[in-house]
Amino acid sequence: MKKLTQAIALAGVMTAAAVPAVQAEVEVSASAAVANMYLWRGQDLGNGAAAVSGDLTVSSGGAYAGVWTSSGDTELGQEYDLYLGYGGEAGDFSYDVSAWTYVYSGDDAVNGRGNTFETSDLIISGAYGPVSASYYYVLAGNDDYSYFTLGAEAGAFSATLGQADDGDEDYTHLDLSYAYNDNISFTLSKVVDQSLDIDEDAGAVDEDTKVVVSYSLPIEL
């Protein structure tokens, strides 16, 4: 909790420093999406069930805050995430720093994750041209866990290599995506390496190739 409080305070300082003498215009944006599965870091959290999601973001200059919600995964149920961040650009280089907390509305006695701020990340991202990288630092939750991605884009095509490390257990996944247009996209995702044996360890990650079709729609406000 202390780390999360410090991160929010830092974000507040960054936001205040970024506000120019003339107050920036406040913008509100929203979108909704549906996909044939809830793909999260190379895993299907819905065990094949479709997922419906939506977001609402308020931004001013480079600062932003909002909420993202999803129909949820099989184990933890309905989810909503709260986020606060700041991003900007300098020539071909872009950056973003944000704090996210993941909230599940199920009974705490069942999943232990029903309280805001109990599972939170600080996400630091940077990109230069078509190449990007992100690091997820745990603010609250499992301190042994970390997640890192490398990405690249070429027109409508993109690739993301992600590595999740949970102490003695880790895995690497590769996502290949194609954006047919602004609304429809396709993704192939596969776990390409992991420390556990898929045939012997109960905690091993499913290595089957996953095919995701998603449709997103911006909402006019």
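The values are calculated or read from the model by the stated rules, or taken from the named source; none is laboratory data. Just so you know, these numbers come straight off a predicted model, no measurement behind them. Counting neighbours? That spans all protein chains shown, and the Cβs are built from the backbone with ideal geometry, glycine included. All accessible areas refer to the heavy atoms of the entire protein, side chains included, with ligands and DNA or RNA removed. Shrake-Rupley method; radii C 1.70, N 1.55, O 1.52, S 1.80 Å.
Computed quantities for the displayed model
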read-out: Those residues of region 131-150 which are of a type in the set (Gly, Ala, Ser) and touching a residue at least 40 places away in the same chain (Cβ under 8 Å), in sequence order; value: 140
read-out: Residue 103 vs. criteria without any contact (Cβ under 8 Å) to a residue 60 or more places away in the chain and under 24 Å from residue 205 (Cα atoms); value: yes
read-out: Count - residues of region 134-160 that are of a type in the set (A, V, I, L, M, F, W, C), open to solvent by 80 Å² or more (accessible area, probe 1.4 Å) and closer than 25 Å to residue 119 by Cα; value: 2
read-out: Selection from region 44-65 of residues that are part of a loop (DSSP other than H, G, I, E, B), open to solvent by less than 30 Å² (accessible area, probe 1.4 Å) and closer than 18 Å to residue 96 by Cα; value: 62
read-out: Filtered residue count, region 172-187, keeping only those that are surrounded by 15 or more Cβ atoms within 10 Å (Cβ to Cβ) and over 22 Å from residue 131 (Cα atoms); value: 0
